[in-house]
Amino acid sequence: MSRINLLVVESSGRKSGSITREASDFFVNKLRESNDYEVCFRDLEVTDLPLINNDLIGAMFSPAESLSGEQKELLKLSEE
């Protein structure tokens with residue numbers, strides 16, 4: 001059986017005392033017990049996400065072999 005990719009996006013500005021952070025931690029820990037999940041975290045408070053613009057969209061829909069260095073850089077975070 002293949003592993004399932006799970007993207008967890010934390011958006012609360014509170015590092016401690018955040019009910020949503022606690023809830024997501026609880027569910028992620030439960031899912032990890034099954035070993036079927038590969039988890040990728042993004043914390044919007046600390047991760048500098050690029051704006052979605054024409055250049056990024058163009059890179060997302062271009063074949064990998066034809067990407068320029070600039071396009072590869074634009075896609076770097078989404079490929080982690």
### Message
If I ask for residues that are over 19 Å from the mean Cα position of the chain (by Cα) and at pLDDT 90 or above, which ones from the range 31-69 would you list?
### Response
Asn54, Asp55, Gly58, Ser62, Pro63, Ala64, Glu65, Ser66, Leu67, Ser68, Gly69
### Task
State which residue is farthest from Lys76 (Cα to Cα) when the search covers only the range 12-37 and only residues that are assigned to a loop (DSSP other than H, G, I, E, B) and open to solvent by less than 90 Å² (accessible area, probe 1.4 Å).
Gly17
### Task
Quick one: in the range 38-57, of everything that is touching a helix residue (DSSP H, G or I) at 6+ places or on another chain (Cβ under 7 Å) and over 30 Å from Ser18 (Cα atoms), which residue is surrounded by the most Cβ atoms within 10 Å (Cβ to Cβ)?
Leu56
### Message
Looking at the range 22-52 only, could you name the residues that are of a type in the set (Gly, Ala, Ser) and in contact with a strand residue (DSSP E or B) (Cβ under 6 Å, 6 or more places away or on another chain)?
### Response
Ser24
### Task
Determine which single condition Val9 fails, assuming it passes every other condition in (1) open to solvent by less than 70 Å² (accessible area, probe 1.4 Å); (2) β-branched (Val, Ile, Thr); (3) in a strand (DSSP E or B).
(1)
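The values are calculated or read from the model by the stated rules, or taken from the named source; none is laboratory data. Just so it is clear, the model here is predicted, and its values are computed rather than measured. Counting neighbours? That spans all protein chains shown, and the Cβs are built from the backbone with ideal geometry, glycine included. Only protein heavy atoms, including side chains, enter the accessible area calculation; ligands, DNA and RNA are left aside. Shrake-Rupley method; radii C 1.70, N 1.55, O 1.52, S 1.80 Å.
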